[in-house]
Amino acid sequence: MTTFTKQAEHETPVISVHPTRRISKINPNIYAGFTEHMGRCIYGGIYDPGNPLSDSNGFRKDVLDALKDLNIPVVRYPGGNFCATYHWLDGVGPKDQRPSRPELAWLGTETNQFGTDEFMKWCEVLGTEPYLCFNFGTGTLDEALAWVEYCNGTGNTYYANLRRKNGRQEPYNVKYWALGNETWGPWQVEQMTKEAYAHKAMQWAKALKLLDPSLILILCGQDGTASWDYYTLKQCLLPAHSALSTSAVPLIDMHSIHLYTCSNDHLPNATAPLAAERAIEITSGLIDLARIENGVPPNQLRPTICFDEWNVWDPIRAEGSQGAEESYTLSDALAVAIWLNVFVRKSRDVAMACIAQSVNVISPLMTTTEGITKQTTWWPLYLFSKYMRGWTVAAHVSCGVYEGETSPAWLRGARDTPWLDVSATLGEDGYANLAVVNIHDEKSFEGVVEGVVGGAEVFTVTAGDVMATNMKGTEEVSVQESTWDGKGPYVFPKHSLTLLRWKAE
Ligand code: AHR
């Protein structure tokens, strides 16, 4: 948690960090990924058989090596909008017998050469856990139950045996399952009303938990600020022993929300992720409200928020059906750093956050047939994933604020947008970490940093211009490493992310 005092522009900013004041544990799953059958994410991204850069599974080794550096705990699959017409059985078994199908989310052809077993293998090689999303469009409950049985079944049953026949003896033990994706969206095959969705989600959840009570089921929310969120939470967060739940465990474990932020102007762009912070606060309130109104006993596990699609994305600039290949700038990297500050600050509520997406599609990592490029947004993700783990600790910042337009517009009335955006952590290794994003495009701030003991390692992400990009053949944005003796003020350069790290315990 970071508290804030607004001060006049001419005053010296002060940041106080209190590493001993632990606020909440950071779930490592806030650094989760997402791979969808969309554009070049799977085909030509993570899976590229025949390319000399790929291994014998057809997995791109350079992509795997890069993603290993991000230490990604969970990856969501196979979509996204793609899920709404996906039949998982098309993607298992001998590859030469798998059908090609028209794909209705992004209007391509799905060859099904990459499916469940390939994804599980890829997760194993990467060292990550799978998170699967059910088809709530054209899919049936029977198909969903069969998929869980295929992945997790241990008995002598049809789909568990099919998995064995396809070469995998042991169950995959997939824990995380989403009850559909963006089922509220008009772009969705089989868009639903909130009433229809809530009814169906509960009926599916009941059957799925009868099959496997250990599943973590994720309800499909909207953006955290919609009546859809209120209604679905109200209908679905019921006491474990309610009439609908034949099991002793709650049917719903997490509520999913999605948000993409963007603006062509730097300051609205950089501050836009603060809308997500407010959305998380609202969703957290709605979770409590549903539990209060439904009489859920306080000792029943409180659902957490699964922010399973987030990023900077302008779908007009980078259209989905064209592969959504964004070319990110330094401004976008600072926005991503603020997104990550939000997840760290809100670690009590957010138990998973999946950057959308992990390769090529609105991604920090791009491929060609010859190699990879790390976009500007790679670097904040890399630094946060490496260092901003452990506990969120108390921090306070006093500084001036950006007073101009915001995107979305409602953000301006909802909260302050400080020049310095801050989060702080204490790692298991006893190191304190302070992330400071100076969004100002013209002004460096000389600030007092309280709480640093001895010197600090310093990691800085910046460039000459907020429009700097890594997509024009040179890496204009990366990380500069240095040290600070911890004495006197610290200068936070204009348009930069600074991560200070010191031994606290
Ligand atoms: O991540 C790209 C798309 O954005 C996803 O498929 C969908 O869920 C969202 O609208």
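The values are calculated or read from the model by the stated rules, or taken from the named source; none is laboratory data. All values derive from a computational prediction rather than experimental measurement. Don't worry about glycine lacking a Cβ; one is built from the backbone with ideal geometry, like all the others, and counts go over all protein chains shown.
Observations on the structure shown:
- The set of residues from region 24-40 being part of a strand (DSSP E or B) and within 12 Å of the ligand (Cβ to nearest atom) comprises Gly33, Phe34.
- Within region 83-102, the set of residues being under 19 Å from Val148 (Cβ atoms) and within 16 Å of the ligand (Cβ to nearest atom) comprises Cys83, Ala84, Tyr86.
- Residue among Trp184, Trp122, Trp177, Trp147 that alone is of a type in the set (Phe, Trp, Tyr) and touching a Leu at 6+ places or on another chain (Cβ under 6 Å): Trp177
- Filtered residues of region 300-345 (kept if under 13 Å from Ile362 (Cα atoms) and touching a Lys or Arg at 6+ places or on another chain (Cβ under 9 Å)): Glu309, Gly323, Glu325, Glu326, Ser327
- Listed conditions (1) more than 16 Å from the ligand (Cβ to nearest atom); (2) in contact with a strand residue (DSSP E or B) (Cβ under 9 Å, 6 or more places away or on another chain) are all met by Leu267, apart from (2).
- Flag if Ala279 is within 16 Å of the ligand (Cβ to nearest atom) and crowded, with 24+ Cβ neighbours inside 10 Å: yes
- Whether a residue is more than 16 Å from the ligand (Cβ to nearest atom), surrounded by 15 or more Cβ atoms within 10 Å (Cβ to Cβ), more than 29 Å from Asp349 (Cβ to Cβ) and of a type outside the set (A, V, I, L, M) was assessed, and Glu170 does not pass this test.
- Residue within region 458-469 that is polar (S, T, N, Q), crowded, with 16+ Cβ neighbours inside 10 Å and assigned to a loop (DSSP other than H, G, I, E, B) present: no
- Any hit, region 18-29, residues being touching a His at 6+ places or on another chain (Cβ under 6 Å) and farther than 13 Å from Asn360 by Cα: no
- Boolean, Asn156 is without any contact (Cβ under 8 Å) to a residue 40 or more places away in the chain, out of contact with any Cys (no Cβ under 7 Å at 6 or more places or on another chain) and on the phi > 0 side of the Ramachandran plot: no
- Given (1) surrounded by 15 or more Cβ atoms within 10 Å (Cβ to Cβ); (2) away from the ligand (no atom under 16 Å from the Cβ), number of the condition Thr193 does not satisfy: (1)
- Of all residues in region 224-241 being assigned to a loop (DSSP other than H, G, I, E, B) and surrounded by 19 or more Cβ atoms within 10 Å (Cβ to Cβ), the one that is farthest from the chain's Cα centre (by Cα): Leu238
- Taking region 313-365 as the range and being under 28 Å from Ser284 (Cβ atoms), aliphatic (A, V, I, L, M) and within 12 Å of the ligand (Cβ to nearest atom) as the test, the residues that pass are Ile355, Ala356, Ile362.
- Residue match in region 136-151 (condition: in contact with a Gly (Cβ under 6 Å, 6 or more places away or on another chain) and closer than 29 Å to Ile72 by Cα): yes
- The residue that is nearest to the ligand (Cβ to nearest atom), among those in region 173-184 that are surrounded by 14 or more Cβ atoms within 10 Å (Cβ to Cβ) and either among the small types (Gly, Ala, Ser) or at positive phi (or both), is Glu182.
- Scanning region 78-100 for residues that are under 20 Å from Asn57 (Cα atoms), touching a Lys or Arg at 6+ places or on another chain (Cβ under 9 Å) and part of a helix (DSSP H, G or I) gives Asp90, Gly91.
Yes or no, residue by residue, for (1) in contact (Cβ under 8 Å) with a residue 12 or more places away in the chain; (2) surrounded by fewer than 15 Cβ atoms within 10 Å (Cβ to Cβ); (3) not in a strand (DSSP E or B):
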residue: Arg22; (1), (2), (3): yes, yes, no
residue: Gly45; (1), (2), (3): yes, no, yes
residue: Leu67; (1), (2), (3): yes, no, yes
residue: Arg76; (1), (2), (3): yes, no, no
residue: Pro102; (1), (2), (3): no, yes, no
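- Taking each residue of region 363-392 that is in a loop (DSSP other than H, G, I, E, B) and surrounded by 24 or more Cβ atoms within 10 Å (Cβ to Cβ) and looking for partners that are modelled with pLDDT under 95 and of a type in the set (Val, Ile, Thr) with beta-carbon atoms closer than 9 Å, six or more apart or interchain, yields nothing.
- Test: residue in region 221-238 that is out of contact with any helix residue (DSSP H, G or I) (no Cβ under 6 Å at 6 or more places or on another chain), within 30 Å of Thr154 (Cα to Cα) and within 16 Å of the ligand (Cβ to nearest atom): no
- Number of the condition not met by Asn57 [criteria: (1) under 21 Å from the mean Cα position of the chain (by Cα); (2) outside any helix (DSSP H, G or I)]: (1)
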